[in-house]
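The values are calculated or read from the model by the stated rules, or taken from the named source; none is laboratory data. Just so you know, these numbers come straight off a predicted model, no measurement behind them. Virtual Cβ from ideal backbone geometry, glycine too; neighbours counted across all protein chains shown. Heavy atoms of the whole protein, side chains included, go into the accessibility calculation; ligands, DNA and RNA do not. Shrake-Rupley method; radii C 1.70, N 1.55, O 1.52, S 1.80 Å.
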Amino acid sequence: MTTKVIMANDLLSGDVIFLSRDSRSWTKFLDQAWASDSEQLVEQMLAAAQDSHMIIGAEAIEVEHDHTGLALTVFREHLRSRGPSVRTDLGKQAELKQAA
Amino acid sequence: MYRYDEFDAEFVKQRVDQFRDQVQRRVAGELTEDEFKPLRLMNGLYLQLHAYMLRVAIPYGTLSATQMYKLADIADKYDKGYGHFTTRQNIQFNWPKLNDVPDILEELASVEMHAIQTSGNCIRNVTTDQWAGVAADEIEDPRPVCELIRQWSTLNPEFAYLPRKFKIAVTGSSNDRAAVKAHDIGIITHKNENGDIGYEILIGGGLGRTPFIGKTVKKFVGKDRLLAYIEAVMRVYNLQGRRDNKYKARIKILTHETGIEKLSEMIEREFERIDKAQGELELAELNRIESYFEPPQYSSEQDDSTALQQSLEANEQFNYWYNTNVAKHQQPGYAIVNISLKPIEGIPGDATSAQMRLVAQLAEQFSLSEIRVTHEQNLVLPYVKQADLFTLWQQLEQHDLGNSNLGLITDIIACPGLDYCALATARSIPIAQKISKVFADRRKQQDIGKLQINISGCINACGHHHVGNIGILGLDKKGEEYYQITLGGNADENAAIGKITGPGFSKDEIAGAVETVVNTYIENRQTDENFIQTHSRIGDVPFKEALYGPN
Ligand code: SF4
């Protein structure tokens, strides 16, 4: 069984976003993302996301559970969830650092 | 510099208004993303890994100080305080917000800039030698021809939907600094035995998935028939190009599959059909454009003034910079200053807004307010008096722009790769950073001499790895980044496609592998031989053995 999150870009900001735990709003941060093992539920959520005109390129993306919570399994998606590895002062990784 | 005419100004303004309306309709839900995407791409707006990216055209790499100030302002006001100069002499902003883009385009239009034809299957920004109009070895300033092609190709309805994107490059010198042989059409300026200037036309060059070096299709076409000939090439390509397969749609595949002789006959037939009287008008237009590119009023200066000599003797660092980054100018007493955007462990081609402003200010102070962008992702001040070099260098040094590495191993060309690009299979920038760290020592770089490394983060080859003396291609192997090395590529007049050495290397191994290649060159070189000369003399084998062991 694979766990998946819904990942997309916000139309206005272009930011990478995740469907959040309330399964209605969107969040920039993976640790606040909605995740499910149910294929059917994932498909429903994905279809709803694809219908929203304020969201672009919604996809269901595989995650793992590790000691920090959810973790993206593909390096490309991991980078998307954080920001450029060569500019750690930019992107979500910078916001996370500030918040910490 | 060339200035927009009323037509240019009006159409750019209309495009901004149109795009503002399109953005509003997209946000209101009246346009779907599928409908909107081609419209935003036509205006240079991509969606990348982390955000939108706006690609702004810098026609033939020429910028005024005013335009550079504007780019710096845009970087601060709408982006994150920096921009990325690309291998196509353009600039990219990595973080614009959708609703801001029409305002950015309006600001660009106020300084005669835009982002049109920086995407899509059309004729893209025409590129040229960054030393155009000032190079000591130049036959003719190539910029009027570039501008003629820009005007003819901009919004040309006949060529708005080509089978694929189309890139044209022009060199005015026989020493090719514009990589013309790696373009769909390459134009080389010649002077014939009668002293007339004309152009050799090459077609079918290109990198990407299937790299080819361009082939000569016409040895000499006069000024009055140049545009007609390009038009003939475009017509044949537009009709014959493979629209059925994206990967086979570039003119390089058509050239390869049809054969240059047969294609040349088809082009010649089309060429003959184009009214010769049209040439008169084009020549008149070319003459009009040329008047904008008249050489400036140079002051009377002497080469190698005593003051310059004294500064060179007194300051070793300045001396080193002078010898690597300053090129010979066609006017006595003047110099071409190359500003490297490749600090050790930096991001190739990135400039902060403060650096952009400094370059603009230095251009005003020392270079008749003009700047050039190079396909190697550096900047140039084309009109500097030799007497000003020391003062200029001191200011560059203070702002981290005095990197003395032009054409050396740390002057690495690298595309954005997986750090920014949605199409990437691996990162490019960290590899460039690691390699530049390995070769950071100035004396080591100087000892290695001229050596071009190019890195691409996927097979699309925006980092032009095929024509790097050492090329590096980043790929994905079962979720891990790994890197293939090619050797023997060359982007100049002796253009060649590099050959893959063998199995790739992991991200932790690749800088070491490059070091092995360089050490092999050092062990085998003869006096005064640079890397590419040694490689062409000894071939791939010694390098392969050093990398993988015998056999
Ligand atoms: S080569 Fe690939 S990774 Fe690099 S900029 Fe081009 S498309 Fe992106």
Determine the principal axes of the Cα atoms in the protein assembly as shown, then give the extent along each, sorted from largest to smallest and rounded to whole angstroms. 78, 59, 53
Rounded Å value of the spacing that divides the Cα centres of the stretch B:62-93 and the stretch B:129-180: 21
Once you have a ≥ b ≥ c as the square roots of the Cα gyration tensor eigenvalues for the stretch B:287-377, tell me rounded if a/c is under 1.5, and otherwise prolate or oblate according to whether a/b is larger than b/c. oblate
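Thinking of chain B as a set of Cα atoms, what percent of all their pairs are more than 44 Å apart? It would help to have the intermediate numbers written out before the result.
On the way: 20214 of 151525 pairs.
That tail contains 13 percent of the Cα-Cα pairs.
Count, for each residue of B:420-428, the Cβ atoms from other chains sitting within 10 Å of its Cβ, then give me the mean as a whole number. Intermediate results must be reported in sequence, preceding the final value.
Details: counts 5, 0, 4, 0, 2, 1, 2, 5, 1.
Averaged over the peptide's residues, the number is 2.
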Is the shape of the stretch B:127-292 rounded, prolate or oblate, going by the alpha carbon gyration tensor and its root eigenvalues a ≥ b ≥ c, with a/c under 1.5 for rounded and a/b larger than b/c for prolate? prolate
At 4 °C and a viscosity of 1.567 mPa s, what translational diffusion coefficient does Stokes-Einstein give for the stretch B:78-137, taking Rh as the Kirkwood radius over Cα pairs? Give it in µm²/s as a whole number. 94
Rg/Rh for the stretch A:3-99: what does it come to with C-alpha atoms and Rh from Kirkwood? 0.95
Pairwise centroid distance, computed over Cα atoms, of the stretch B:421-463 with the stretch B:1-48, Å: 35
Residue-normalised 222 nm signal for the protein assembly as shown, counting each DSSP H run of n ≥ 4 as -39,500 (n - 2.57), nearest 500 deg cm²/dmol, is -11000 deg cm²/dmol
Any idea what the alpha-carbon Rg over 2.2 N^0.38 Å comes to for the stretch B:299-343? 1.23
Within straight-line cross-link reach of A:Lys92, lysines at Cα separation under 22 Å, skipping those fewer than 8 residues along the same chain: A:Lys4, A:Lys28, B:Lys77, B:Lys80, B:Lys97
Find the eigenvalues of the gyration tensor of the Cα atoms of the stretch B:326-404, then list the square roots of 5 times those eigenvalues as equivalent ellipsoid semi-axes, largest first, in whole angstrom. 20, 13, 12
Long-range amide H partners of A:Trp26, meaning residues 5 or more apart or on another chain whose placed amide H is closer than 5 Å, are A:Ser20
Compare the Cα positions of B:Ala424, B:Gly457, B:Gln445 along the charge dipole of the stretch B:401-459 (+1 at Cβ of Lys, Arg; -1 at Cβ of Asp, Glu; about the Cα centre) and return the one farthest towards the positive end. B:Gln445
Check cross-link reach from B:Lys385 to the lysines: straight Cα distance under 18 Å, and skip same-chain residues fewer than eight apart. B:Lys328
At a 4.7 angstrom Cβ threshold, list every cysteine in chain B that has nobody to pair with, or say none. B:Cys122, B:Cys146, B:Cys421, B:Cys458
Low-density loop trypsin sites (Lys or Arg not before Pro), the stretch B:404-491, at most 13 other Cβ within 10 Å, DSSP non-H/G/I/E/B, are B:Lys478
At q = 0.11, 0.21 Å⁻¹, what base-10 log of I(q)/I(0) does the Debye formula yield for the stretch B:413-548 when every alpha carbon is treated as an equal point scatterer in vacuo? -0.35, -1.29
As straight-line cross-link partners of B:Lys276, the qualifying lysines (C-alpha separation under 27 Å, not fewer than 8 residues apart within one chain) are B:Lys167, B:Lys191, B:Lys215, B:Lys218, B:Lys219, B:Lys223, B:Lys262
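How large is the accessible surface per residue of the protein assembly as shown, computed with a 1.4 Å probe and reported in Å² as a whole number? Spell out each step's value before the answer.
Numbers: 26890 Å² over 651 residues.
The answer is 41 Å² per residue.
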What is the spread of the Cα atoms of the stretch B:462-528 along each of their three principal axes, largest first, in whole Å? 43, 27, 16
